[in-house]
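Below is one structure, written out as structure tokens, with a few remarks after it.
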Amino acid sequence: MMYGHDNPTFIGDTIYTVPPGEYRQNITQFYPGKYQQTFPPAQPPTQLEANEGEKTADKKEKKPPKERDSWGKGIEFLLSCIAMSVGLGNIWRFPFIALENGGGAFVIPYIIVLVLIGKPIYFMEMVFGQFSSRGSVKVFDCVPAMRGVGVGQIVSVAIVATYYSSLMALTLSYFANSFRQILPWGSCKDEWNVTCIPSGYREDSNMTWTNSTKSSAELYFLKDVLRAKDSIDDGIGVPNWTLVTFLAISWGIVFLILIKGVRSSGKASYVLAIFPYFVLSILFVRAITLPGSMNGIRYFLTPQWDKILDPKVWYAAVTQVFFSLSVCFGNIIMYSSYNKFGHNVYRDSNIVTTIDTFTSLLAGCCIFGILGHLAHELNVDDISTVVKSGAGLAFISYPDAISKFKTFPQVFSVLFFMMLYLLGIGSNVAMVSSIMTIIRDRFKKVKNWHAALVISILGTILGSVYMTPGGQSVLKLVDYYGASFIAFVLAIAELYTFSYIYGVDRFCNDIQFMLNFRPNWYWRTCWRYITPGLMTVILVYTLLTLEPLKDGDRDYPQIAYVIGWCISALGLIQLPIFAIYAICKQKGNTLWDKIKGAFKPTSNWGPRDSALNAKYKEYIRTID
């Protein structure tokens, strides 16, 4: 691994770090012959000049130049990326998206999309962030007219962060209740007034099962935790203040992790990235030992070929890749911007995308094994009818399996919900870090803890909407219009910006300059043709066949659709606004000159270090 000062591609044999006070003596070695007569011989300073020099030196000591944060170690960057990408999107979102799209019929498009879209975008964003040391908005200095892409992505990230934290609050609620002597979702309650299967049921119990029954785990989630309504036609209701308390605690933990920015979050990544796999492995072993579990796993992995050609399945695969890997949200660009120049992001991007896919498949096998077991007990052949899909899947199927543990179910419950909580924290930390980076890059005097505190307070207030009886319906609406749809459109804009306006050839030259290798035909073909082409085709077909989002089997109220499209517009309108702003700011005699200037890199585009930036500009002039 070669960091910036070790990479021979852009350094050569010359040392570009000039010690203080030696600039006059050493500048000729950087540009021989060019500055030989620039500086007159140094004269001894007068007493007045000496005093002024001391005052100036004192001021500099009191106000040293502000350096951008950086990772303490390269491994902290890798683990933080794993903690960011491997999260609730793998454990919570992937299984229910697969359930809604035919199980195995979804897995094949998902893997294809990952190889042709997910991996290329992940590597591209890592390179742009590290190369420029800029956040997800300023990175568009490479094409100033497209800065609205970065702003729109931050809007989307902020929206996702509000409901992501609500899932963490639900997780914390289950974690707290896992310490009870009897797990509350393991048995039925009379007040539910529904035919109920106790999730803690043992095979030797004398009970008769019918298709009209529901598990106590599902009823506990819907009636005790969410106090859910059948629909939101009558409003969303009043927040559950117990859940709001858990929400505030969750945001408080995020605040503590980010109190010193990436320097503190990097240390937390050791726990956030590694511990969840230990627990998930234990739960997977338990799931596959349950009767009927293999039927569920076969349903998950067996393709339903009639659905493979359904564009909606491909659209779901693309949005899931975005959500799982966190591509096109600005998080990857933000994290890699804190790397040392020359860090091996090629290796790291391949590691993270591989681990993320493995985790999704492992979680899918685990949860579908549990669904297969439930179908076996209900004597139902169709796995998809066993339980409602949606955000509650991880809060129904997993607790149901845990309550069937014959020994120490509370221990496994505590471990599982601790794992789920850490996964959620890791992803939410990345989203909040993106927002903080934009704020601190724009307002230099704002400290890390100032930004983290304000975001945490606002997140608690906005997140309380999801703590209402109609909160899950609101979550589904916001996820569709504020995350999936915005991310999809902005991702295409980002790809066209990087691949066609900035250009794949120049991008590959940048990689050559930074990492000392040139991407092969696979990467170049994906960036130039396959990735933007597939994305465009899927988007066009999806828009042509667009249907109103449904809340279960019912339509949302018309006002909900209006709010949804307003949320989408809030992210997408940033594109024309910032394009017009960039054109107006450009210097030029004619409007056409201003437009052309807005689609060219700014004068300071390139590595953050001034010496490297000068060397890069010389490198670009040479290859042009």
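The values are calculated or read from the model by the stated rules, or taken from the named source; none is laboratory data. This one's a predicted model, so the numbers in the text were calculated from it and none came from an experiment. All Cβ positions, glycine included, derive from the backbone under ideal geometry; neighbour counts span all protein chains shown. Just the protein is used for accessible areas: all its heavy atoms, side chains included, with ligands, DNA and RNA removed. Shrake-Rupley method; radii C 1.70, N 1.55, O 1.52, S 1.80 Å.
Mean shadow of the range 512-558, computed from the convex hull of its alpha carbons, in nm²? Don't skip to the end; give the middle numbers.
Working: hull surface 25.3 nm².
Taking a quarter of the hull surface, the average projection is 6.3 nm².
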For the chain, what is the accessible area per residue in Å², given a 1.4 Å probe and the full set of protein chains? 45
Given a Förster distance of 22 Å, report the FRET efficiency between residue 233 and residue 176 from their Cβ-Cβ distance, rounded to the nearest 0.05. 0.10
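Count charges around residue 145 for me, please; just the other residues with Cβ under 12 Å from its Cβ, Lys/Arg as +1, Asp/Glu as -1.
Taking every other residue near residue 145 into account, the sum is +4.
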When 1/r is averaged over all different Cα pairs and the result inverted, which Kirkwood radius in Å belongs to the chain? 26.3
In units of 2.2 N^0.38 Å, what is the alpha-carbon radius of gyration of the range 414-491? 1.32
Here, residue 569 and residue 549, labelled 7 Å along Cα→Cβ, have an inter-label distance in nm of 1.6
Solvent-accessible area, 1.4 Å probe, carbon plus sulfur percent, for the chain: 62
Modelled label-to-label distance, residue 449 and residue 517, 7 Å Cα→beta-carbon offset: nm? 4.3
Charge context of residue 355, other residues only, Cβ under 15 angstrom, K/R +1, D/E -1: 0
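Which value in deg cm²/dmol, rounded to the nearest 500, describes the helix-derived mean residue ellipticity at 222 nm for the chain, given -39,500 (n - 2.57) per DSSP H run of n ≥ 4 and division by the residue count?
Numbers: 28 runs with 375 residues, N = 624.
Result for the chain: -19000 deg cm²/dmol, rounded to the nearest 500.
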Note: the range 373-514 at 37 °C, 0.692 mPa s; Kirkwood Rh on alpha carbon pairs; Stokes-Einstein D in µm²/s works out to 165
Which of the cysteines in the chain are isolated, no other cysteine C-beta under 4.7 Å? 81, 142, 328, 365, 366, 508, 526, 566, 584
With residue 484 itself left out, Lys, Arg at +1 and Asp, Glu at -1 over residues whose Cβ is under 11 Å from its Cβ give +1
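Report the full-extension gain for the segment residue 622 to residue 540: residue separation times 0.36 nm, less the Cα-Cα distance, to one decimal in nm.
25.4 nm
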Counting only residues 5 or more places away or on other chains, whose amide H sits under 5 Å from the amide H of residue 197 once H atoms are built in the peptide plane? 214, 215, 216
